[in-house]
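For reference, the structure is listed below as structure tokens.
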Amino acid sequence: MGTSSAHERLVQQVAGAVVDGGDPAAAAEAAGFNTAVTHRPAVVVAATDAADVAAAVRYANDEALAVTVQATGHGAVEPADGTVLVSTKRMQGVRVDPVARVARVEAGVGWRSVIDAAVPHGLAPLSGSSSGVGVVGYTLGGGMGHLARRHGFAADHVRSLDLVTREGEVRTVTGANDPELFREIRGGQDRFGIVTALEFDLFPVPRFFGGAMIFTGPAVGDVLHSFAAWAETLPEEVTTSVALLRLPPVDDVPPPLRGVVSLALRFGFTGTPERGEALLAPMRRVATPVLDSIGPMSFAAVDGIHMDPTDPMPAVTRGGLLHGMPADLVDTLLAVAGPGVDVPLAVVELRLMGGALARPAAVPNAVTGREGAFSLVAIAPAPPPLVDAAHAVTSGVVDALRPWSTGTMLANFAGHAAADLAAGAR
Ligand SMILES: Cc1cc2nc3c(=O)[nH]c(=O)nc-3n(C[C@H](O)[C@H](O)[C@H](O)COP(=O)(O)OP(=O)(O)OC[C@H]3O[C@@H](n4cnc5c(N)ncnc54)[C@H](O)[C@@H]3O)c2cc1C
């Protein structure tokens, strides 16, 4: 906590809550999705609007404290200790204009609220695999979702941002009023301040075809080998990925996947079901899945494609980008993370990139990683006894695939790999 008069002034200025780091309520205010990261801030400001955020930033500046921001905690990598932590959880305003095809959200909004407001109008946002993720954090880190190969990164389709600058100034930033800041902030995460509201495009998606096929046993290697060549033939209307999964032997995991290594082939397509089936046919011929959910679906149900966890969990993530997915890469991946090895991984995922992701945004921005052909993410469970093992195993996967790496990464999927790079690790 800072000086008492500054703290009292902050409490008076903030309409939301100001919770001292020593208060037992601070832990709940600072808790997020990744429970491997425990923030111990000096103060939590649970903001309700831009004025609250600005008061928090000015307080931090006066007291020479760092400022951090959290919406859902899906992106937490390092603990924010001794900071003024601005929690945007209470900022939940969402507005969809179906005629202008634009959405405006406040800083705490997750993708679920936007999807639910847009889909009844035949529209969809550029959301990702989990609708629990926050719109602002996702978009400022690039944002690669179910329509990405057709429309690019979410950051490419931002119309305007409301920002509280590092100096505590409240501004609206657009390509017209500040082209340089508008470019740097889209892809720049929280480097330029705290975004309090975001306005972005929605896209007509009158129908959607997608889901996942899951394979076990020898089919895992066969499908993985066939995937790379097949994926590169797909039109931009398709997004697809493969993920090696290690699901625990618990009741809420479907019986064929309990305690075994499986491979999920995910598919999303905005064309007709007939064309979707035709595009999938080569993969259906490779092996018979133990589970298959691919078919016509509402965009509102897209979380079912990746089946990401919805409850908070402790995890360590490392990511990277790959030039391609040749057979020797697949063999290497199987050797470090395939069914034959006993490693404490949860997921190793490779997403097909290309299409609009490889093209510059119409209004240039700071998103990195357009050169990747596939993105790589390795995620390990990290309850306290497994933290070191989680770091070792995720580093091991990234290191093993380094011969095919572009040396760059997507901000949203880098996880600890960004810190490794900054520290000069190989
Ligand atoms: C289960 C899961 C699924 C995911 N799926 C995808 C996906 O499909 N595609 C994809 O691109 N990414 C995906 N991600 C990554 C995700 O987009 C990033 O972790 C993102 O940073 C999460 O944002 P958040 O606000 O939910 O998380 P938080 O942890 O609350 O925030 C993460 C970071 O975002 C920035 N930030 C948040 N709010 C603000 C703000 N108001 N102003 C300025 N900066 C802010 C800050 O740097 C903050 O540290 C996924 C992550 C998880 C855990």
About its Cα centre, what dipole magnitude does the chain give when the only charges are +1 on Lys and Arg Cβ and -1 on Asp and Glu Cβ, stated in debye to the nearest 20? 800
Among Gly152, Val86, Gly355, flag the residue with its Cα farthest along the positive direction of the charge dipole of the chain, charges on Cβ as +1 for Lys/Arg and -1 for Asp/Glu. Gly355
Which angle from 0 to 90°, rounded to the nearest 10, does the C-alpha axis of helix 387-400 make with the longest principal axis of the chain? 60
How much of the pair distance distribution for segment 151-233 lies past 16 Å, counting alpha-carbon pairs only, in percent? 66
Binned Cα-Cα distances of segment 226-368, short to long, each 10 Å bin given as a whole percent: 9, 35, 38, 17, 2
Once phi for every residue in segment 105-119 is put through the Karplus expression 6.51 cos²θ - 1.76 cosθ + 1.60 (θ = phi - 60°), the whole-Hz ³J(HN,Hα) values, with Gly and Pro written as x, are 10, 7, 5, x, 6, x, 4, 4, 5, 6, 4, 5, 7, 8, 4
Spherically averaged projected area in nm², based on the convex hull that wraps the Cα atoms of segment 94-204: 6.4
Restricting to Cα pairs below 8 Å that are 6+ residues apart, what does the relative contact order work out to for the chain? Please round to a whole percent. 15
P(r) of segment 1-154 over all Cα-Cα pairs, binned every 5 Å from zero, in whole percent: 2, 10, 18, 19, 17, 12, 10, 7, 4, 1, 0
How many percent of all Cα-Cα pairs in the chain sit more than 40 Å apart? 17
Quickly work out the Leu291-to-Asp328 label distance, labels modelled 7 Å from Cα along the C-beta direction, and quote it in nm with one decimal. 3.6
Using unit Cβ charges (K, R positive; D, E negative) and no other charged atoms, how large, in debye to the nearest 20, is the dipole of segment 168-225 about its Cα centre? 160
Protection-proxy order for peptides 261-273, 220-232, each taking the mean of Cβ atoms within 10 Å per residue, highest first: 261-273, 220-232
Extended-chain gain in nm, criterion 0.36 nm per residue less alpha-carbon gap, Ser5 and Val387: 133.5 nm
Correct semi-axes for segment 4-87, from √(5λ) of the alpha-carbon gyration tensor and rounded to whole Å with the largest first, are 20, 12, 11
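We did not get these values from a lab; they are worked out from the coordinates using the rules stated. Just so you know, these numbers come straight off a predicted model, no measurement behind them. FYI the Cβ positions are ideal-geometry reconstructions off the backbone, even for glycines, and counts take in every protein chain you see.
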